[in-house]
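Student: Structure incoming, see below.
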Amino acid sequence: MSTARILIVGGGIAGVATARELACRGARDVLLLERDAALGTRATGRNAAILRSVMAEPAVRRASVAGSRFLRAPPPGFSPVPLVDPCGLLMVAGTTGRAELERWRAALAGELELRDLAPSAIRALAPHWRGAAEIGLFAPDEGRLHVPAILAAFERHARSGGVRFALGARVSRLRVEGARVTGVELADGSTLAAERVVLAAGAWSSALARAAGSPIELVAKRRHLAVTLPSARVDPRWPVVWSLDDEFYVRVDGHGLVACVCDQAIVPPDTDEIDPAVVARIAARLAELVPGGGGSVELARAWCGLRTFAADGDFVLGPDPMLAGLVWVGGLGGHGITASVAVARLAADWILDEHCDDELAVAFLPERLVRASGGAR
Ligand SMILES: Cc1cc2nc3c(=O)[nH]c(=O)nc-3n(C[C@H](O)[C@H](O)[C@H](O)COP(=O)(O)OP(=O)(O)OC[C@H]3O[C@@H](n4cnc5c(N)ncnc54)[C@H](O)[C@@H]3O)c2cc1C
């Protein structure tokens, strides 16, 4: 049997950011296992790449604000290219979302530059936006993320700190002795022993944990995105626009527009198929936005990915309540890239037994989910 002190299961942003954080803290003998032939091909490679910390959930917002700060101004030498394009994020609302926007603005006071925009200023800043927009909240420092560069930087720093990566290594089950996770079994039949197993397998974490006897459950929600063919009428400087009333967002991608209708069907984790009805809804909304589109657009491509959630929508970071030796880094929902650095810091605290009673660390503890369900599975 091979061994590693710390095994990380999953090579998406959660696993790779955690690997880098462990390396930065001098952890030795860390091995990351990814079943695919490359890192970051699941949720991490299929998201909308928006840097957004203007949101409702207080704990996730705090983690996102901290994560955004890092990505906007990483330490020297962290990445050869910028990780963020600060094209701005414009949250718009008609009558129904107004109160919500006002609450978010109050919660973010002093944390993030935010400007109130009147309808005329919204039209000037985002001429492509034609939905309801009686009030706008503009975050000039937020915008688009360069996800491949973020992932590559995490990987590079993890490797240079000694973390080993095994690709094409599918974990078939967690090994349990007594009430302790002592390693993993791989699909090829080999086993690996470890002091700590870190569960960063995104939508697939829940099934692995459940089979080992953990009470923690996460659900996978499918979300679609589509991008138009490039058009000279699309201005690459337009901000990301997010409409609260419509549950719709759109951002520029080169000279194309990427959009989402915020669909969230609960699906089994291996669901890869696109729902054509959702793509048709996105196309219809885009047709209203592309200037001179004449009521229709041609999509260059559409895809879907899985966002993984705990029942209360907060992240799931820390020790499993039933299984010693197992640490969760999951439930990152729709904010895993933005919050990645903050997530990895909290995760590493638990993995290395350096945890504190910080409010955020406590808010994300997996055991809250058992308490909330009255201890029942
Ligand atoms: C459509 C969409 C839009 C989004 N938009 C944004 C956005 O704009 N901004 C933002 O910050 N976030 C966004 N997100 C959220 C973000 O993408 C996720 O929170 C984040 O990628 C989750 O990372 P992860 O590492 O937990 O999961 P994943 O990226 O899914 O990684 C899990 C990894 O574990 C591996 N794995 C699974 N099972 C096993 C096994 N048994 N053995 C070995 N490896 C295994 C998988 O192959 C995978 O590589 C969006 C997500 C989606 C789907």
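Student: So which of 16, 9 ends up being among the β-branched types (Val, Ile, Thr), within 11 Å of the ligand (Cβ to nearest atom) and more than 13 Å from residue 343 (Cβ to Cβ)?
Tutor: 9
Student: Of the residues that make up region 205-225, is at least one farther than 22 Å from residue 329 by Cα and at pLDDT 95 or above?
Tutor: Taking every residue of region 205-225 in turn, at least one turns out to be farther than 22 Å from residue 329 by Cα and at pLDDT 95 or above.
Student: Would you confirm, using the coordinates I've provided, whether residue 334 is within 13 Å of the ligand (Cβ to nearest atom), under 24 Å from the mean Cα position of the chain (by Cα), assigned to a loop (DSSP other than H, G, I, E, B) and at pLDDT 95 or above?
Tutor: yes
Student: Looking at residue 59 and the list (1) free of Cβ contacts under 8 Å to residues at least 60 places away in the same chain; (2) closer than 30 Å to residue 155 by Cα, which single condition is not satisfied?
Tutor: Among (1) free of Cβ contacts under 8 Å to residues at least 60 places away in the same chain; (2) closer than 30 Å to residue 155 by Cα, the lone unmet condition for residue 59 is (1).
Student: Another one. Could you pull out the residue among 185, 195 that is within 11 Å of the ligand (Cβ to nearest atom) and of a type in the set (Asp, Glu)?
Tutor: Matching residue, one of 185, 195: 185.
Student: Only one residue in 52, 62, 115 is crowded, with 16+ Cβ neighbours inside 10 Å, under 27 Å from residue 236 (Cβ atoms) and outside the structural domain of residue 201 (by TED's automatic domain parsing). Which one?
Tutor: None of the other options fit; the residue is 52.
Student: Restricting to region 51-64, and then to whatever is among the charged types (D, E, K, R) and away from the ligand (no atom under 12 Å from the Cβ), can you tell me which residue is nearest to the chain's Cα centre (by Cα)?
Tutor: Out of the qualifying residues, it is 61.
Student: Note down all Cβ pairs under 6 Å where the first residue falls in region 83-102 and is within 22 Å of residue 70 (Cβ to Cβ), the second is at pLDDT 95 or above and acidic (Asp, Glu), and they're at least six residues apart or on different chains.
Tutor: 86/141; 89/142
Student: Something else about it: Any residue in region 340-355 that is touching a helix residue (DSSP H, G or I) at 6+ places or on another chain (Cβ under 6 Å), assigned to a loop (DSSP other than H, G, I, E, B), among the hydroxyl-bearing types (Ser, Thr, Tyr) and closer than 26 Å to residue 47 by Cβ?
Tutor: Checked against the condition, which is being touching a helix residue (DSSP H, G or I) at 6+ places or on another chain (Cβ under 6 Å), assigned to a loop (DSSP other than H, G, I, E, B), among the hydroxyl-bearing types (Ser, Thr, Tyr) and closer than 26 Å to residue 47 by Cβ, region 340-355 yields no hits at all.
Student: To continue, here is another question. Would you check if there is a residue in region 220-237 being buried (at least 18 other Cβ atoms within 10 Å of the Cβ) and either polar (S, T, N, Q) or part of a loop (DSSP other than H, G, I, E, B) (or both)?
Tutor: yes
Student: Answer with yes or no whether residue 97 is in the same structural domain as residue 238 (by TED's automatic domain parsing) and either closer than 27 Å to residue 287 by Cα or buried (at least 19 other Cβ atoms within 10 Å of the Cβ) (or both).
Tutor: Taking the combined requirement at face value, the residue satisfies it.
Student: Anything in region 153-195 that is aliphatic (A, V, I, L, M) and either in contact with a helix residue (DSSP H, G or I) (Cβ under 9 Å, 6 or more places away or on another chain) or without any contact (Cβ under 8 Å) to a residue 60 or more places away in the chain (or both)? List them, or say none.
Tutor: Across region 153-195, the qualifying residues are 153, 158, 163, 171, 174, 176, 181, 184.
Student: In this structure, does residue 133 turn out to be at negative phi and in the same structural domain as residue 38 (by TED's automatic domain parsing)?
Tutor: So residue 133 fails the test.
Student: Taking residue 136, is it within 14 Å of the ligand (Cβ to nearest atom) and touching a Lys or Arg at 6+ places or on another chain (Cβ under 9 Å)?
Tutor: no
Student: Tell me, yes or no, whether region 42-50 has at least one residue that is over 14 Å from the mean Cα position of the chain (by Cα), in a loop (DSSP other than H, G, I, E, B) and near the ligand (Cβ under 9 Å from one of its atoms).
Tutor: no
Student: Now for a different question. Quick one: residue 163 ticks every box in (1) surrounded by 22 or more Cβ atoms within 10 Å (Cβ to Cβ); (2) under 27 Å from residue 79 (Cβ atoms); (3) within 21 Å of the chain's Cα centre (by Cα) bar one, so which box is it?
Tutor: Checking residue 163 against (1) surrounded by 22 or more Cβ atoms within 10 Å (Cβ to Cβ); (2) under 27 Å from residue 79 (Cβ atoms); (3) within 21 Å of the chain's Cα centre (by Cα), the one that fails is (3).
Student: Could you run through region 238-266 and say how many residues are in a strand (DSSP E or B) and either surrounded by fewer than 18 Cβ atoms within 10 Å (Cβ to Cβ) or within 22 Å of the chain's Cα centre (by Cα) (or both)?
Tutor: So the count comes out to 16.
The values are calculated or read from the model by the stated rules, or taken from the named source; none is laboratory data. This one's a predicted model, so the numbers in the text were calculated from it and none came from an experiment. Glycine also receives a Cβ, built like all others from the backbone with ideal geometry; neighbour counts cover every protein chain displayed.
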